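One structure below.
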Amino acid sequence: MKIFRCDNCQQPLFFENRSCYSCGNLVAYHDLHQRMVSFPETGSEAPVLCKNYEHKACNWIVTDAQANGFCNACALNRTIPNLGDTENSEKWRRLEAAKHRLIYQLQRFQLPLQSKMQYEDTGLCFDFLVRGNSSIMTGHASGVITILLAEADSVHLERVRKQLLEPYRTLIGHFRHEVGHYFWERLVWQDSDILESYRNLFGDEQANYQDSLNGYYQHGATKNWREKFISKYASVHPWEDWAETWAHYLHIVDTVETAYNFGIGIEPVLENADHMKTHIVSDPYINRDFDQLIESSAPLFFAVNSINRSMGIKDVYPFVHNIEVIQKMKFIHELLSKSLA
């Protein structure tokens with residue numbers, strides 16, 4: 001992600017900031033210009049803020065007069081929890097923080113973000129639900145992304161991570177994975193040539209999904225899953241392989257963009273360590289060199305993982321990219337590069 005700053009005093013800001021700690025002005029994110037706008041707490045200079053600003057769930061400016069007072073991120077919400085419940089409200093705010101980061105990234109890729117409430121057949125929407133029965137699950141179906149509030153509970157996340165033997169489980173990961181299913185329908189399924197290329201890499205998605213899922217939970221992933229997939233879950237079915245690979249590609253682009261904006265370079269104090277060096281000198285959304293993206297990310301993740309271990313914290317990115325995964329990422333990279341052309 002980019003580095004943001006207060007346009008009044010130039011103080012650096014986080015993406016989620018609602019005020020500047022230096023000058024005291026309120027700040028809000030203008031997604032069409034990808035910058036923070038600063039304004040005094042009182043006066044007539046304030047922009048139109050999203051309705052969810054008052055719930056401390058959003059800090060975006062309304063840029064679409066047809067969105068009923070919601071910003072371009074919150075206008076995609078179809079269902080939110082009962083905010084009269086304090087615990088629900090806090091979890092919902094965590095979901096919104098991750099979702100807004102997702103929308104930022106999709107906007108940077110210039111992907112179409114149509115609301116399902118306006119475009120029923122092709123649009124996208126989010127349902128944030130409290131589990132009412134065991135049939136309600138986090139997932140995607142025909143443009144509806146359902147995220148359970150429990151996913152915003154760190155204890156729940158850790159328990160499920162251990163149960164499923166997942167090395168990495170985060171809110172932003174859920175959002176990136178589930179929106180990957182949506183964009184498979186938009187970018188792959190509707191184009192026969194792209195669909196054929198997809199099947200050559202990921203497999204035939206016409207294989208029975210439920211049977212594949214049942215087999216995975218009964219017998220687990222195949223022993224050699226590391227040779228072909230980014231994660232165990234990616235081995236379930238070609239749809240899940242796509243969504244997992246898509247999510248990891250977005251992880252990498254976002255991390256490299258952040259490193260670029262902070263001017264991060266890696267220069268290990270070792271002999272014969274050229275393969276561990278990197279200088280991230282360009283924005284990955286602008287310089288669409290796939291090889292450079294992948295080559296720069298490996299030493300970056302190794303360095304950050306090493307820092308985390310120094311602090312007794314789990315690796316931020318505990319994955320290794322095999323040749324097949326890299327080819328799948330390149331396929332996604334080329335698809336998204338078309339949207340930026």
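The values are calculated or read from the model by the stated rules, or taken from the named source; none is laboratory data. All of these numbers come straight from a predicted model, not from anything done at the bench. Positions of Cβ are generated from backbone atoms using ideal geometry, with glycine treated the same way; all protein chains shown enter the neighbour counts. SASA here: full protein model, heavy atoms, side chains in, ligands and nucleic acids out. Shrake-Rupley method; radii C 1.70, N 1.55, O 1.52, S 1.80 Å.
Details
- Surface per residue (accessible, 1.4 Å probe) for the chain, Å²: 52
- For Cys74, net neighbour charge (Lys/Arg +1, Asp/Glu -1) across residues whose Cβ lies under 10 Å away: +1
- Whole-Å distance, taken between Cα centres, linking the stretch 292-310 and the stretch 225-256: 18
- Partners for Lys338 among lysines (Cα-Cα distance below 27 Å; same-chain residues under 8 apart left out): Lys2, Lys99, Lys116, Lys228, Lys328, Lys330
- Spin-label model, Tyr209 to Tyr119: label points 7 Å out along the Cα-to-beta-carbon direction sit 2.1 nm apart.
- Portion, in percent, of the accessible area of the chain that falls on carbon or sulfur, probe 1.4 Å: 50
- Reducing the stretch 108-152 and the stretch 1-51 to their Cα centroids gives an inter-centroid distance of 28 Å.
- Anisotropy class of the stretch 227-341 from Cα gyration tensor, a/c 1.5 cut: oblate
- Sorted from greatest to least, the principal axis extents spanned by the alpha carbons of the stretch 162-241 come out as 39, 27, 24 Å.
- Length gained when the stretch Gln327-Glu41 is fully extended (0.36 nm per residue, less Cα-Cα span): 97.9 nm
- A Förster radius of 41 Å combined with the Cβ-Cβ distance from Gln190 to Lys2 puts the calculated FRET efficiency at roughly 0.85.
- GNM flexibility winner over the chain from Asn208, Asn88, Asn25 (Cα, springs under 10 Å): Asn208
- Sorting 223-236, 89-102 by average packing, meaning the other beta carbons within 10 Å per residue, from highest down gives 89-102, 223-236.
- Directionally averaged projected area (convex hull, Cα atoms, the stretch 23-97), nm²: 5.8
- A 1.4 Å probe, protein heavy atoms only, puts the accessible area of Arg35 near 110 Å².
- Under 5 Å, built H, 5+ apart or other chain: amide partners of Leu124: Gln114, Ser115, Lys116
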